[in-house]
Amino acid sequence: MKNNFKNQIKVSLSNLNSIQSLLSKSKFELVEIWTPDDGNEKQVWFNKYINIKITLLITEINTCSDNDELVNEVRDLWFELRAIRDVMEEYYLEPHVEFKDKSINSFSRYQDQVKEYEGEWKENKTYWTKLFNKNIDPSTLAFLNLDDEDKQNLTN
């Protein structure tokens, strides 16, 4: 049993080439071209393998207004930007995981921290003295900045 469907598609003149290319790649053949009295060209395409006929009604003006196209484009861009933002937020808001070097012991980490704070203290002494009490020095800050495991190792 053969199906002989008649499908009509309205196509703007600006989109005609892309639709024709799509039909050709889909094994449709152009059977006829004619212009009725109303002035809009019609093209009939047929696929003999699946026995389907498509009529293209070609219009001079776009089927949707320029404003509609602009709104649709802006909406698509908004969704794309939102997806990019979500990915970036997910990446940058993930907790930063630091892995300890097993070859470096707690005392070495403490000494490195003391040297770092001493360098910062020398670079901007007025800032650090205003920020902290005069009794706090870089070695105290370094110890307080260590994680609990390193503090435990140093005090036992």
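Taking every residue in the range 11-39 that is in the same structural domain as residue 53 (by TED's automatic domain parsing) and pairing it with any residue that is among the basic types (Lys, Arg) and surrounded by 10 or more Cβ atoms within 10 Å (Cβ to Cβ), at least 6 positions away or on another chain, the pairs with Cβ-Cβ distances below 6 Å are 34/42.
Just for helices (runs of 4 or more DSSP H) wholly inside the range 113-156: which have at least 3 residues that are at pLDDT 80 or above? Step through it out loud before you land on a result.
Details: elements: 125-131, 138-145, 148-155.
Output list reads 138-145, 148-155.
With respect to being modelled with pLDDT of 75 or more and of a type in the set (S, T, N, Q), residue 63 falls outside the description. The residues of the range 109-133 that are over 12 Å from residue 145 (Cα atoms) and among the hydroxyl-bearing types (Ser, Thr, Tyr), listed by number, are 126, 127, 129. Can you confirm whether the range 85-105 contains a residue that is assigned to a helix (DSSP H, G or I), of a type in the set (S, T, N, Q) and modelled with pLDDT of 75 or more? Scanning the range 85-105 turns up no residue that is assigned to a helix (DSSP H, G or I), of a type in the set (S, T, N, Q) and modelled with pLDDT of 75 or more.
The values are calculated or read from the model by the stated rules, or taken from the named source; none is laboratory data. What you see is a predicted model, and the numbers here were worked out from it, not measured in a lab. In this analysis, Cβ positions are derived from the backbone assuming ideal geometry, glycine residues included, and neighbour counts consider all displayed protein chains.
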